[in-house]
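The values are calculated or read from the model by the stated rules, or taken from the named source; none is laboratory data. Just so you know, these numbers come straight off a predicted model, no measurement behind them. With ideal geometry, Cβ positions are generated from the backbone for all residues, glycine too; neighbour counts draw on all protein chains shown. Side chains are part of the model used for accessible areas, which takes the heavy atoms of the whole protein and leaves out ligands, DNA and RNA. Shrake-Rupley method; radii C 1.70, N 1.55, O 1.52, S 1.80 Å.
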Amino acid sequence: MKREEVFERLNEIFRNNFDDEGITLSEETSAKDIEDWDSLEQINLVVAIQGAFHVKFNIDEVNAMSNVGEMVDLILRKADA
């Protein structure tokens, strides 16, 4: 899986979760950039991402992610494992 493909799928997930077709993710996108991205929405995103990419994150991995770029890195590592 290529990085661009992960971003495309993540864009869809974020747009669906936040019900906002205007969201366009970048490497640096973080919770401070999306108004409704709070702790509850973080859980919803993690569940949706795990399902879409058929990966599992542990709590330490989730807590360590500070932006979308780090999320993509983790997805790519998990998908290749």
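Once fully extended, how much extra length lies between Asp73 and Gln50, figured as 0.36 nm per residue of separation less the alpha-carbon to alpha-carbon distance?
6.9 nm
What figure in square angstrom, to the nearest 10, would you give for the accessible area of Glu70 with a 1.4 Å probe?
It works out to around 70 Å².
Expressed in whole Å with the largest first, what are the equivalent ellipsoid semi-axes of the chain derived from the C-alpha gyration tensor as the square root of 5 times each eigenvalue?
Whole-Å semi-axes of the equivalent ellipsoid: 18, 14, 12.
Among the lysines, which fall within straight-line cross-link reach of Lys78, defined as a Cα-Cα distance under 24 Å, with same-chain neighbours fewer than 8 residues apart omitted?
Those lysines meeting the cut-off are Lys2, Lys56.
Collect residues whose amide H, placed 1.01 Å from N in the peptide plane, falls under 5 Å from the amide H of Thr29; neighbours closer than 5 in sequence don't count.
Close amide H contacts, sequence-distant or interchain: Val68, Gly69.
Can you compute the helix-only [θ] at 222 nm over the chain? Use -39500 (n - 2.57) per DSSP H run of at least 4 residues, normalise by all residues, nearest 500 deg cm²/dmol.
Values: 4 runs with 50 residues, N = 81.
Taking each H run of at least 4 residues, the total per residue is -19500 deg cm²/dmol.
Karplus couplings for the range 67-75 from phi (6.51 cos²θ - 1.76 cosθ + 1.60, θ = phi - 60°), rounded to Hz, Gly and Pro as x?
Calculated HN-Hα couplings, in order: 7, 5, x, 5, 5, 4, 4, 5, 4 Hz.
Quick one: what are the phi-derived ³J(HN,Hα) couplings along the range 9-23, Karplus 6.51/-1.76/1.60 with θ = phi - 60°, whole Hz, x for glycine and proline?
Using θ = phi - 60°, the values come out as 5, 5, 4, 4, 4, 4, 4, 5, 5, 9, 6, 9, 6, x, 6 Hz.
Spelling out what I want: for every residue of the range 39-46, take phi, set θ = phi - 60°, compute 6.51 cos²θ - 1.76 cosθ + 1.60 (Karplus), and round to whole Hz; glycine and proline get x.
5, 5, 5, 4, 5, 4, 5, 4
If I model a spin label at Asp80 and Ser30 as a point 7 Å from the Cα along the Cα→Cβ vector, what separation in nanometres do I get?
Going by the 7 Å Cα→Cβ label model, 2.5 nm.
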